[in-house]
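Report on the following structure.
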Amino acid sequence: MATELVRVPCGSHQRLRFSWGPGSELYCCAVNSSEGQLGDEESTSTAVQWDCPGPISRRIIYDAHVKYVECEQVKGDPLLRPAQLEQFCTDVGAIMDASLPDDEELFDEEAQLIAEERALWTILSLFFGGMGESDRLISQELASWLQVNAAVLLAGEGGRQLSPASLAAFESADYPELTEGYWETLQRLVCLGWTADALSLLGLHSAWAAWKSGGSLHPALAGRIRSLDAVASLLRCFPRLAGAGAAAGSPRRSAADSGAGQELSGAEEFLSYRARWQGQSALVLGEGSLWEGEHEAPCRALLACMAGDVEQSSRLATSWPELLVARLLAGHPAVGHAADLLHLVRAAAAARPPPAAGPGDAAAALSARALALLTACAGLDAQAALQACSHGASAWLSAHAALVVAQHPAGRQLESDLLAEYGCTQPEFYKLNFVSALASHEPTRSVARGYLAWCPHHGEQALHSLDKRMAAEATQCPALQGLCLPQES
């Protein structure tokens, strides 16, 4: 189905003439069909534009272009290319982060789109940009990815229950633990490794305030404090891999998480500590003296998740990303990039499939795109990864994703295979499409020219065409631009 950009006025006795402007722009002029007669209808001219970058996008475009050129310059050097590509992915991610408001409640439509593309960029960086290599664990990277991008990845009612606003709402209750959703939310936070949020929510339990007010002599209260303290003590020692989440950026939701838990410096040390921590959680769970009343059942469920009970950890997940991360953290911390991860991704999607995306449902559309991208990346399918990045995305993301994918051994063929209908490679095709969006606006035309320098097949011709169009635009007023070619509809 065609997308309506704008309605152009044209009377019943008029003809609409048009000419292409530079880039993604069309000049239209409605003129009387009978030459030499003015008629009753007034002639009108309209400039139609699409794929227009907004103010936030333009800042990203300017800053990322410098990094793009640096990456292109070492593309042919096998020694410098891997490190430069990883740095490029890091820098571009940081540029996107810096462009977004700190408060997610202040996101407008443009910021929301950039936040969605930031989530996709992180996945691409992990698998094709080298950021998931070295001494990193993909389970920890994906956990950080979900936490940083929770506002766009965990949509719907299930996601809203984990939002900062929903968590803060428990603070106003006299007995938060009796509030609907308290224990379920707490368990989900624990399963996702959002330790700071979990500890804050656990600290709202009314037993703590009663104990501090002198209720320590009450046997039931003392027992409840012992069980709560056992959970809190283990959460404070939650294993955390140092450096995890470098590709995902800085968490907006729980910046305190970096200080919650025990940080380990390498994958081997992390896995060893984690096994001991889970074993300790299992021992506490089996300590009968702590669990004498029915009210202790929620704490037992929390400890079961901490002890590595995959089924318990998966029970409350409301979406495939949440289910995937919960399963990775509980039972598959050392999973690799290939078949095992691909199996887990597909299993999570089968158990919690993305919702059907209706018209204007951006959250559902992103869920499907993120799943397609992660599935492609887990299998190192370069073509499918590029398709997932370009479908419904901005021209900017498509062009930069193509550069990253084409530099990976799995996507190197993209730099040599020509698209028969376009006479260029796929990365160049996406670059040219991006240049079209830039060329429509005078402030970004210098950047458009910069990208054309890296288009070996059509760059020179496109640059000549752009210069020619710009010269014509400078000498004609908009009303005449629609008449400069004898095309009509």
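The values are calculated or read from the model by the stated rules, or taken from the named source; none is laboratory data. Just so you know, these numbers come straight off a predicted model, no measurement behind them. FYI the Cβ positions are ideal-geometry reconstructions off the backbone, even for glycines, and counts take in every protein chain you see. For accessibility, only protein heavy atoms count, side chains too; no ligands or nucleic acids. Shrake-Rupley method; radii C 1.70, N 1.55, O 1.52, S 1.80 Å.
With contributions of -39500 (n - 2.57) from each DSSP H run of at least four residues, the per-residue ellipticity at 222 nm computed over the chain stands at -17000 deg cm²/dmol.
Determine the shape class of the range 42-163: with a ≥ b ≥ c the square roots of the Cα gyration tensor eigenvalues, call it rounded for a/c under 1.5, and otherwise prolate if a/b is greater than b/c, oblate otherwise.
Oblate is the answer for the range 42-163, as a/c is 1.5 or above yet b/c matches or exceeds a/b.
Overall size of the chain from C-alpha positions, given as principal axis extents largest first: 101, 58, 34 Å.
The modelled label-to-label distance for the pair Glu72/Phe107, using points 7 Å beyond Cα in the direction of Cβ, is 3.1 nm.
In Å², and per residue, what accessible area does the chain have when probed at 1.4 Å with the other protein chains present?
Per residue, the chain has 47 Å² of solvent-accessible surface.
Of the solvent-accessible surface of the chain, computed with a 1.4 Å probe over protein heavy atoms with every protein chain present, carbon and sulfur atoms account for 54 percent. Measuring only protein heavy atoms, the 1.4 Å probe finds Cys71 accessible over about 10 Å². Computed from the C-beta positions of Leu221 and Ala169 and an R0 of 30 Å, the FRET efficiency is 0.75 to the nearest 0.05. Note on Ala420 and Ala242: with the Förster distance fixed at 45 Å, the Cβ-Cβ geometry gives a FRET efficiency of about 0.40. Phi angles across the range 109-117 convert, under the Karplus curve 6.51 cos²θ - 1.76 cosθ + 1.60 with θ = phi - 60°, into 3J(HN,Hα) values of 4, 5, 5, 4, 4, 5, 4, 5, 6 Hz, Gly and Pro given as x. Shown in residue order for the range 42-53 are the 3J(HN,Hα) couplings computed by the Karplus curve 6.51 cos²θ - 1.76 cosθ + 1.60 at θ = phi - 60°: 7, 5, 9, 10, 9, 9, 9, 10, 8, 6, 7, x Hz (x for Gly and Pro). Per-residue Karplus couplings for the range 148-161, computed as 6.51 cos²θ - 1.76 cosθ + 1.60 with θ equal to phi - 60°, are listed in order as 5, 9, 4, 4, 9, 8, 9, 8, x, 5, x, x, 5, 5 Hz, Gly and Pro entered as x. Of all lysines in the structure, the ones whose alpha carbon falls short of 25 Å from that of Lys468, not counting any fewer than 8 places away in one chain, are Lys431.
Pull out the extension gain between Ala356 and His464, defined as 0.36 nm times the separation in residues minus the alpha carbon to alpha carbon distance; nm, one decimal.
34.4 nm
The order of the peptides 378-384, 117-123, 196-202 by mean Cβ neighbours within 10 Å, most packed first, is 117-123, 196-202, 378-384. When nucleic acids and ligands are ignored and a 1.4 Å probe is applied, Thr46 ends up with an accessible area of around 30 Å².
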